[in-house]
1. Which residues, counting only those in segment 39-68, are part of a helix (DSSP H, G or I), more than 10 Å from residue 13 (Cα to Cα) and in contact with a strand residue (DSSP E or B) (Cβ under 7 Å, 6 or more places away or on another chain)?
2. Identify, by number, the condition in (1) modelled with pLDDT of 95 or more; (2) buried (at least 18 other Cβ atoms within 10 Å of the Cβ); (3) in contact with a helix residue (DSSP H, G or I) (Cβ under 9 Å, 6 or more places away or on another chain) that residue 21 doesn't meet.
3. Check whether at least one residue in segment 86-100 is in a helix (DSSP H, G or I) and either touching a strand residue (DSSP E or B) at 6+ places or on another chain (Cβ under 6 Å) or at pLDDT 95 or above (or both), and report yes or no.
4. In segment 75-85, what count of residues is obtained for those that are within 16 Å of residue 12 (Cα to Cα) and in a strand (DSSP E or B)?
5. Applying the selection to segment 101-115, what residues are surrounded by 12 or more Cβ atoms within 10 Å (Cβ to Cβ) and touching a strand residue (DSSP E or B) at 6+ places or on another chain (Cβ under 7 Å)?
């Protein structure tokens with residue numbers, strides 16, 4: 001069984017349920033002691049901007065900001081696509097503490113030669 005998990009999230013709050021599910025899966029993995037990186041692409045890069053990961057996806061769903069905080073507290077990393085950042089005019093924007101600009105090559109460097117479980121949302 002792998003000790004690393006990658007969650008690719010390619011949507012932002014325009015599909016809040018998808019965001020919520022990605023963070024539920026990622027947070028559960030950190031709680032199981034896995035090393036987790038969430039690769040934010042497309043509009044998901046906006047979630048790395050402080051204060052933007054907020055809202056409730058559906059009635060009875062946990063608030064996204066709570067899941068976002070739990071993920072960070074569990075040691076989860078956010079790898080933010082540099083091309084997506086540039087294309088959305090976010091160059092120079094400061095991101096949350098557990099986020100860093102990292103494209104495909106740094107993602108593969110993070111994975112290394114270890115078996116890795118991948119989820120895509």
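1. Within segment 39-68, 45, 48 qualify.
2. (3)
3. Here is the first cut: in segment 86-100, the ones in a helix (DSSP H, G or I) are 86-87.
Keeping just the survivors that are either touching a strand residue (DSSP E or B) at 6+ places or on another chain (Cβ under 6 Å) or at pLDDT 95 or above (or both) gives 86-87.
Within segment 86-100 (the criterion being in a helix (DSSP H, G or I) and either touching a strand residue (DSSP E or B) at 6+ places or on another chain (Cβ under 6 Å) or at pLDDT 95 or above (or both)), the answer is yes, since at least one residue qualifies.
4. Matching residues across segment 75-85 total 3.
5. 101, 102, 106, 107, 110, 111
The values are calculated or read from the model by the stated rules, or taken from the named source; none is laboratory data. A quick note: this is a predicted structure, and the numbers were derived from the prediction, not measured. Backbone-built Cβ (ideal geometry, glycine too); neighbour counts: all protein chains shown.
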